[in-house]
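Colleague: Here it is: the structure, laid out below.
The values are calculated or read from the model by the stated rules, or taken from the named source; none is laboratory data. Predicted model, so just to flag it, every value in this text is computed and none were measured. Here the Cβ positions follow ideal geometry from the backbone for every residue, glycine too, while neighbour counts run over all protein chains shown.
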Amino acid sequence: MLPPVSAVLLVLLMGLPIIWLAIAALDTNGAGGGLAAAMLPTALRETATLMAWVGAITGVLGLVSAWLVTHFEFPGRRIFQWALMLPLAIPTYLAAYTYVEFLDFTGPIQQAVRAVFGGKTIHDYWFPDIRSPSGAAFVLSMVLYPYVYASCRAYFVMQSGSIAAASRTLGAGGFRTFFAVTLPLSRPALVVGMTLAMMEVVNDLGAVQYFGVNSLTAVIYSTWINRSNFGGAAQLAVMIVLVIGLLILLEQWARRDRVYLLHRDSRVAPPREKLVGTEAALALGFCAVLLVLGFGIPAGELLILALRNLGPNTLGLTIGAGATTLVLATLGALITVSIGMLAAKLGTRRSAHGLIRIATLGYAIPGTVLALGLLQPLGQADLWFNRLTMALAHWRPGLILSGSVAALLYVYAIRFLAVSHSTIDAAIRKRGDTMLDAGRVLGVTGWRLFLRVDLPTLSPALLTAATLVFVEIVKELPATLLLRPLGVETLATVVYARANVSLFTEAALPALTIVLVGLVPVVLSTQFGDRR
């Protein structure tokens, strides 16, 4: 059975950047191939190293924290089980800027070191350099471990407690049970979370640039913007797509073992062992330190800097950039949710299900790659349209696609279609077709059925999807930075521009606004999880 034409068109529309980049990368004539060959080994090595370190650190932190809050009872556990998700509200580039402000020579930590040991210059004492690949791995891990934590916690909550109980009955202690039973069984959830964290590393631009890491994304940006070499950037971008593809295959390979999980009765929670004394203090301390490093320091530093530099200039900067961000995020959310609704409706047909999954892969592709793949085709479309208007009306409208917010809205729809589609698709499957069938029996069809049945019954899911997409657009940096029209500044681009000229304190208030907006999906997800 042939898939519907609308599904094919949706795949082509959403896949345009990758298709264009693949064609451009095949053209090895000229300087593109030489540049890519020269830059690729360094970019691959530093990207792989950073991914490996972040994957390992987030895996350990996320797994241990999830194990503690689900298997043990200790002071503060009820707070930590949702609070440990808060670092997701901190974009990676904001974490990088705040940690540099916190640990730099003029930051409070080094000031305290100089006050205690009497040093006056950086040469009078030793202090680790936060602007380094190891600093990047540490900071990124502190805000990305919730991916592993959420995945492992969901697994631990839903699994049966009989296996661990049997291990304890046979005389195994808590740590032996963890290494012999819990860790092997949680491997699929662990790999899924680590894969998501590593994909965020590949997508990052602001943090890796700030720390001086020559990652694939940073090298693409430099190759395209600083060297004006589209061919070399395209080849590097295709390499990123291949890396992302390998990560997705790894994640799917990890999920293949889900049939071996022993599910529990949903009415009975897994038993938790009560910790006392030193063990309780260690569990409390571990979770508290993790929360402070992942959320407390970045959010606290932003709050202090924002209050210290509060004034008419920062307020005006925040309001101006905030208004632009509000308009772009609102329009982007409306467009993306509308396309997500269409994709979810098409996905109910078996012939279109595979194509819809392909169309929603944009969320896994870095914004830098999508922006690179859109600029030339949109520019070509502008050229054709201007030729047509000149031939018909002797009028040249200019860059109406590549030089306007249309390019931003397009890349937002590609990047975040998976967010809206997954939310709406889950709601459609949960609702079923009973209500629609009842409407058809009563004589309501077509648009009347859509407006009177579909929209009202799916309105909670549509609102949730719009909220999630809105927040993602507010935090988005790479695509916005590369495709924004001249003079258009969002909260993210204002923070990036100020931080790159060592004026991050001026952008503390816009940065704090991004964090406050980012708290919305975290709060919604934790409340939804508690209700479930």
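Colleague: Filter region 436-463 down to the residues that are over 30 Å from P521 (Cα atoms) and either charged (D, E, K, R) or more than 36 Å from the chain's Cα centre (by Cα) (or both) and list them by number.
Modeller: Hits for region 436-463 are D437, A438, G439, R440, V441, L442, G443, V444, T445, G446, R448.
Colleague: Whether any residue in region 370-388 is under 28 Å from the mean Cα position of the chain (by Cα), touching a residue at least 24 places away in the same chain (Cβ under 8 Å) and within 20 Å of L196 (Cβ to Cβ) is what I want to check.
Modeller: Yes: region 370-388 contains one or more residues that are under 28 Å from the mean Cα position of the chain (by Cα), touching a residue at least 24 places away in the same chain (Cβ under 8 Å) and within 20 Å of L196 (Cβ to Cβ).
Colleague: I'm checking my understanding of the structure. Among residues of region 111-125 that are part of a loop (DSSP other than H, G, I, E, B) and not aromatic (F, W, Y), which one is surrounded by the most Cβ atoms within 10 Å (Cβ to Cβ)?
Modeller: Going through the qualifying residues, I end up with G119.
Colleague: Which numbered condition trips up G212, out of (1) modelled with pLDDT of 85 or more; (2) surrounded by fewer than 24 Cβ atoms within 10 Å (Cβ to Cβ); (3) over 16 Å from R45 (Cβ atoms)?
Modeller: Status for G212: all satisfied but (3).
Colleague: Going by what's in this entry, would L512 be described as under 24 Å from I335 (Cα atoms), at pLDDT 90 or above and of a type in the set (A, V, I, L, M, F, W, C)?
Modeller: no
Colleague: Moving on. Can you tell me how many residues in region 275-310 are buried (at least 17 other Cβ atoms within 10 Å of the Cβ) and either modelled with pLDDT under 90 or touching a helix residue (DSSP H, G or I) at 6+ places or on another chain (Cβ under 7 Å) (or both)?
Modeller: Count: 15.
Colleague: So, one more: Within region 148-162, is there a residue that is modelled with pLDDT of 85 or more, touching a Gly at 6+ places or on another chain (Cβ under 9 Å) and among the aromatic types (F, W, Y)?
Modeller: Scanning region 148-162 turns up at least one residue that is modelled with pLDDT of 85 or more, touching a Gly at 6+ places or on another chain (Cβ under 9 Å) and among the aromatic types (F, W, Y).
Colleague: Considering only region 404-412, I want to know if a residue exists there that is surrounded by fewer than 22 Cβ atoms within 10 Å (Cβ to Cβ) and within 30 Å of A96 (Cβ to Cβ).
Modeller: Yes, because at least one residue in region 404-412 is surrounded by fewer than 22 Cβ atoms within 10 Å (Cβ to Cβ) and within 30 Å of A96 (Cβ to Cβ).
Colleague: Let me ask something additional. Among the residues of region 313-344, how many are farther than 22 Å from H421 by Cα and polar (S, T, N, Q)?
Modeller: Number of matching residues: 5.
Colleague: Let me ask something additional. List pairs: first residue in region 341-360 and closer than 18 Å to A427 by Cβ, second residue among the acidic types (D, E) and in a helix (DSSP H, G or I) anywhere in the structure, Cβ distance under 8 angstrom, at least six positions apart or on different chains.
Modeller: Matching pairs, first to second residue: A343/D425; A344/D425; G347/D425.
Colleague: For R272, are the conditions met, namely being modelled with pLDDT under 90, of a type outside the set (S, T, N, Q) and farther than 19 Å from W67 by Cβ?
Modeller: When the stated conditions are applied, R272 does not pass them.
Colleague: Which helices (runs of 4 or more DSSP H) sit wholly inside region 181-221 and have at least 3 residues that are in contact with a Phe, Trp or Tyr (Cβ under 8 Å, 6 or more places away or on another chain)?
Modeller: Because the criterion is at least 3 residues that are in contact with a Phe, Trp or Tyr (Cβ under 8 Å, 6 or more places away or on another chain), the helices (runs of 4 or more DSSP H) in region 181-221 that meet it are 187-203, 206-211.
Colleague: Among the residues of region 456-468, is any touching a residue at least 60 places away in the same chain (Cβ under 8 Å) and loosely packed, with under 14 Cβ neighbours inside 10 Å?
Modeller: Within region 456-468, none of the residues are touching a residue at least 60 places away in the same chain (Cβ under 8 Å) and loosely packed, with under 14 Cβ neighbours inside 10 Å.
Colleague: Also, I was wondering about something else. On the given criteria, is S420 crowded, with 23+ Cβ neighbours inside 10 Å, polar (S, T, N, Q) and in contact (Cβ under 8 Å) with a residue 40 or more places away in the chain?
Modeller: yes
Conditions (1) of a type in the set (G, A, S); (2) touching a Gly at 6+ places or on another chain (Cβ under 8 Å); (3) surrounded by 13 or more Cβ atoms within 10 Å (Cβ to Cβ); (4) modelled with pLDDT of 75 or more, marked per residue:
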position: M1; (1), (2), (3), (4): no, no, no, no
position: L9; (1), (2), (3), (4): no, no, no, yes
position: L13; (1), (2), (3), (4): no, no, yes, yes
position: P17; (1), (2), (3), (4): no, yes, yes, yes
position: A25; (1), (2), (3), (4): yes, yes, yes, yes
position: G30; (1), (2), (3), (4): yes, yes, no, no
position: L35; (1), (2), (3), (4): no, yes, yes, no
position: L40; (1), (2), (3), (4): no, no, yes, yes
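Colleague: Considering region 447-468 alone, what residues qualify as being of a type in the set (V, I, T) and within 19 Å of L346 (Cβ to Cβ)?
Modeller: Selection gives V453, T457.
Colleague: Restricting to region 443-500, give me the number of residues that are out of contact with any helix residue (DSSP H, G or I) (no Cβ under 9 Å at 6 or more places or on another chain) and within 22 Å of V411 (Cβ to Cβ).
Modeller: Residues flagged as out of contact with any helix residue (DSSP H, G or I) (no Cβ under 9 Å at 6 or more places or on another chain) and within 22 Å of V411 (Cβ to Cβ) within region 443-500 amount to 2.
Colleague: Right, next: Taking G373, is it surrounded by 22 or more Cβ atoms within 10 Å (Cβ to Cβ), at pLDDT 85 or above and not acidic (D, E)?
Modeller: It is true that G373 is surrounded by 22 or more Cβ atoms within 10 Å (Cβ to Cβ), at pLDDT 85 or above and not acidic (D, E).
Colleague: For region 68-94, give me each residue that is surrounded by fewer than 21 Cβ atoms within 10 Å (Cβ to Cβ), aromatic (F, W, Y) and part of a helix (DSSP H, G or I).
Modeller: Residue satisfying the conditions is W82 alone.
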